[in-house]
Amino acid sequence: MSENKNWTPKIVAFCCNWCSYAGADLAGNNRLEYPGNVKIIRIPCSCRLNPLFILRAFQRGADGVILCGCHPGDCHYSTGNYFARRRMTLLFSMLDYLGIEKGRTRVEWCSAAEGVRFAGIMNDFVKQITELGECKKLEDVRCKTN
């Protein structure tokens with residue numbers, strides 16, 4: 001089995017507008033380092049993430065997907081992160097059924113004041129995905145660029 005020496009994981013991070021995205025902004029303002037291959041997508045609330053977006057990310061070549069939202073009880077929309085937690089639990093069991101390793105998806109809670117925590121979460125997740133290697137389970141060959 002040949003291994004690609006130049007491979008870097010593609011990570012998609014769905015971040016809540018009110019907390020996690022602001023945490024990512026704080027990490028950037030404080031010049032904290034986390035890998036550039038983490039593509040952040042801002043969503044209004046963690047509960048607004050449609051599970052199909054995660055499946056589509058894997059189909060389009062993502063090696064890992066992380067959802068970051070407000071801490072439970074601190075959601076700007078009252079109970080949004082509780083809905084997100086339930087929805088992601090169901091999605092994780094479906095991904096397991098499809099053969100996607102458990103370590104390729106994660107849910108984290110990070111507030112706007114936790115820039116250091118956000119950078120640490122991203123560094124840890126990228127390291128974990130790098131150890132798992134490339135994800136080819138749901139990959140669509142039509143989405144390949146090379």
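Kindly establish whether Met94 is surrounded by fewer than 16 Cβ atoms within 10 Å (Cβ to Cβ), part of a loop (DSSP other than H, G, I, E, B) and modelled with pLDDT under 95. No: the conditions fail for Met94. May I ask you to say which residue of Tyr34, Tyr77, Tyr82, Tyr21 is in contact with a strand residue (DSSP E or B) (Cβ under 8 Å, 6 or more places away or on another chain), of a type outside the set (Val, Ile, Thr) and either surrounded by 15 or more Cβ atoms within 10 Å (Cβ to Cβ) or in a helix (DSSP H, G or I) (or both)? On inspection, the qualifying residue turns out to be Tyr21. Of the residues in segment 52-67, how many are open to solvent by 10 Å² or more (accessible area, probe 1.4 Å) and within 21 Å of Gly23 (Cβ to Cβ)? Count: 2.
So, Ile11, is that one loosely packed, with under 15 Cβ neighbours inside 10 Å, aliphatic (A, V, I, L, M) and either at positive phi or in contact with a strand residue (DSSP E or B) (Cβ under 7 Å, 6 or more places away or on another chain) (or both) or not? For Ile11, the condition - loosely packed, with under 15 Cβ neighbours inside 10 Å, aliphatic (A, V, I, L, M) and either at positive phi or in contact with a strand residue (DSSP E or B) (Cβ under 7 Å, 6 or more places away or on another chain) (or both) - is not met.
Scanning segment 108-116 turns up no residue that is among the small types (Gly, Ala, Ser), closer than 18 Å to Thr8 by Cβ and surrounded by fewer than 17 Cβ atoms within 10 Å (Cβ to Cβ).
The values are calculated or read from the model by the stated rules, or taken from the named source; none is laboratory data. Quick caveat, the model's predicted, so the values are computed rather than measured. When we count neighbours, we look across all protein chains shown, and the Cβ atoms used for this are built from the backbone with ideal geometry, even at glycine. Calculation scope for accessible area: heavy atoms of the full protein, side chains included, ligands and nucleic acids excluded. Shrake-Rupley method; radii C 1.70, N 1.55, O 1.52, S 1.80 Å.
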